[in-house]
Amino acid sequence: MKILRTLLALSLLGVSGLAMADPQDYTNAEVYIGRQSSVFLDGGYSWRLAGSYDINDTFYSYGSLYTTNYGAFQGSSAGTTVKDDLFSVGLGMHNAIADSSDWVARFALVHNKTNTTLPDQPTHTGYDIGTGFTNGLELSTFLDHTTAGTDATGGLPVYITASSSTTFLSAAVHFQVARSMDVGVTEEMNNYGQSNLFVSLRVDF
């Protein structure tokens, strides 16, 4: 709850400046492919399809479909694997704080389905709330808290614990390679020691 209150407080800080002009366009589509690592899972791979639509100078809608495949749990029998599918749809608010720089707050509904070779097949539906900053959409950093993360640890040794509530920090950089087309690199880290490295291709509309 402390994390949630902190994110809400940061989000409210930008409300007073919503009348400022915003130079950025949030209408785009992006496809990611990445590599996962974890303190209790062997590394796996993932892909993500994401998009957003700029509604007006203040608000944008967004959504994503995200699939992750992990290797075996450390210390478990061979063949114990995890496949995680996550779908989200939400609304964001962007506020210009400097030339080509925005403060962003976002809220999404999230559904997470985990498939494992273990007896437990957990499913979580919850929300994601986040805040961060972008610079011309080329450099960005975000702090997000979700209540629909992965919890696929039932039946494993007691030293392996996780929760469906997860907080993660992300940073991204994009490089223009053609008109309205960028290549991106994104790094994500969460409070369970998982890190994700993605490369992506983004098309702006």
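The values are calculated or read from the model by the stated rules, or taken from the named source; none is laboratory data. It should be emphasised that the depicted structure is a prediction, and the values quoted were computed from it without experimental measurement. A quick note on method: Cβ atoms are made from the backbone with ideal geometry, for glycine too, and the neighbour counts reach across all protein chains shown.
Among all residue pairs at least 6 apart or on different chains, which show Cβ distances below 8 Å where the first residue, located in segment 80-105, is on the phi > 0 side of the Ramachandran plot and in a loop (DSSP other than H, G, I, E, B) and the second is surrounded by fewer than 20 Cβ atoms within 10 Å (Cβ to Cβ) and among the polar types (S, T, N, Q)?
Pairs that qualify, where the first residue is on the phi > 0 side of the Ramachandran plot and in a loop (DSSP other than H, G, I, E, B) and the partner is surrounded by fewer than 20 Cβ atoms within 10 Å (Cβ to Cβ) and among the polar types (S, T, N, Q), are 100/24; 100/135.
Being among the β-branched types (Val, Ile, Thr) and more than 18 Å from residue 133 (Cβ to Cβ) is the filter; apply it to segment 170-204 and report the residue that is farthest from the chain's Cα centre (by Cα). Even if it seems obvious, please write down each step before you answer.
At the first step, the residues of segment 170-204 found to be among the β-branched types (Val, Ile, Thr) are 173, 177, 183, 185-186, 199, 203.
When the remaining residues are screened for being more than 18 Å from residue 133 (Cβ to Cβ), the result is 177, 183, 199, 203.
On the way: 177: 24, 183: 18, 199: 14, 203: 18 Å.
If we take residues in segment 170-204 being among the β-branched types (Val, Ile, Thr) and more than 18 Å from residue 133 (Cβ to Cβ), then 177 is farthest from the chain's Cα centre (by Cα).
Matching residues to (1) of a type in the set (Ser, Thr, Tyr); (2) surrounded by 16 or more Cβ atoms within 10 Å (Cβ to Cβ); (3) at pLDDT below 90:
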position	(1), (2), (3)
62	yes, yes, no
72	no, yes, yes
80	yes, yes, yes
93	no, yes, no
103	no, yes, no
125	yes, no, yes
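Counting only residues that are aliphatic (A, V, I, L, M) and at pLDDT 85 or above, how many does segment 152-174 have?
4
Let me confirm something: among 136, 193, 149, which residue is out of contact with any helix residue (DSSP H, G or I) (no Cβ under 7 Å at 6 or more places or on another chain), modelled with pLDDT under 85 and crowded, with 19+ Cβ neighbours inside 10 Å?
Going through 136, 193, 149 in turn, just one is out of contact with any helix residue (DSSP H, G or I) (no Cβ under 7 Å at 6 or more places or on another chain), modelled with pLDDT under 85 and crowded, with 19+ Cβ neighbours inside 10 Å: 149.
Looking at the structure I just gave you, is residue 38 in contact with a Gly (Cβ under 9 Å, 6 or more places away or on another chain), at negative phi and modelled with pLDDT of 80 or more? Full working, then the answer.
Values: in contact with a Gly (Cβ under 9 Å, 6 or more places away or on another chain): yes; at negative phi: yes; modelled with pLDDT of 80 or more: no.
Answer is no for this residue.
Taking residue 10, is it modelled with pLDDT under 65 and either more than 16 Å from the chain's Cα centre (by Cα) or not in a loop (DSSP other than H, G, I, E, B) (or both)?
Answer is yes for this residue.
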